[in-house]
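Just so it is clear, none of the values below were taken in a lab; they were calculated from the coordinates. Model, not experiment: these values are computed from the prediction. Quick reminder, even Gly has a Cβ in these numbers, built from the backbone with ideal geometry, and neighbours come from all protein chains shown.
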């Protein structure tokens, strides 16, 4: 028999594997492991998102964001009274350009980072 | 088999891979059902015990699921997973320092050679037992996992010439072991299938 024929025959013999009796159980075992890994990953993603959200929210609360929102509302009201008198944009700018603005931006950045980390973990 | 799995049994491997790439784990389970035995058998043929072969095959399938987007359907899914499994088994051998021991055993090793039982039926598994561990690895990797000699040499961390020698000697032994004395069809199946 030519060498080439023997090699082809050998490849065919290698590819002819009978199904094992526990083939179904083997597949189910792998499915279970995949499910377990998926569940763990979802918990991890959820936990990362929650942690990021909590950190971001705490930053917003700590630096009195609600008060800032109220002042923004007041500015908006002032704007409705007359542009000549009220300068809400400059009010907002003055708020944001102070220390508070930096903290709010930091908080939002943490939230964004939480989402980004969650996304990266999901991709991995 | 559950009803949700039944829909996968009629699908082609490539379609199942696409579904698995979208996170459909039941589709991947169907692929495991189809090709699990082949992968486990290959690792056993490379010389692993049954339980170790199952562990390696399991890890290989899990790795394949993680890397399923890399499978482009250019070859068969079975071949792709077998290559992953073969490399994983080699890494395990290297980690346990068994590969080096195999290489040393292989020097001048002719003790495994056996005579053909010549019962007219090919028994590849019995034939492989007549090979030295390294010959067995090389032959299984090249003809079972579909690696080229160069890829096998790279995976085994052996010179290309050494791998070629192992393959050549392994083939000679297998030919002796598997060939029937009267030259009839080796496996009792059709000659040119």
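Peptide B:35-44: average number of partner chain Cβ atoms within 10 Å per residue?
Numbers: counts 3, 11, 9, 8, 2, 5, 7, 3, 0, 1.
Shielding by partners across B:35-44 averages 5.
What's the FRET efficiency of residue B:22 with residue A:24 using the Cβ-Cβ distance as r and R₀ = 22 Å, to the nearest 0.05?
According to the calculation, E is roughly 0.40.
With each label point set 7 Å from Cα along the Cα-Cβ vector, what nm distance links residue B:154 and residue A:16?
3.2 nm
I need B:141, A:113, A:61 ordered by Cβ neighbour count within 10 Å, fewest first.
A:61, A:113, B:141
Shielding of A:15-26 by partners, i.e. mean partner chain Cβ atoms within 10 Å per residue?
Neighbouring Cβ atoms belonging to other protein chains average 6 per residue here.
Report the label-to-label distance for residue A:47 and residue B:74 in nanometres (one decimal), using points 7 Å from each Cα along the Cα→Cβ vector.
That separation, rounded to one decimal, is 3.9 nm.
What is the calculated FRET efficiency for residue B:98 to residue A:8, with r their C-beta to C-beta distance and R₀ = 22 Å, to the nearest 0.05?
0.10
Can you work out the FRET efficiency for the pair residue A:40 and residue B:7, with r the C-beta to C-beta distance and R0 = 22 Å, to the nearest 0.05? Walk me through the numbers on the way to the answer.
On the way: r = 27 Å, r/R0 = 1.23.
FRET efficiency, residue A:40 to residue B:7: 0.20.
Sorting check: for A:102-112, B:129-139, which peptide has the highest mean count of neighbouring beta carbons within 10 Å, and how do the rest follow?
B:129-139, A:102-112
When a footprinting reagent is the concern and you count Cβ atoms within 10 Å, what order do B:168, B:82, B:173 take, fewest first?
Listed from fewest to most nearby Cβ atoms, that is B:168, B:173, B:82.
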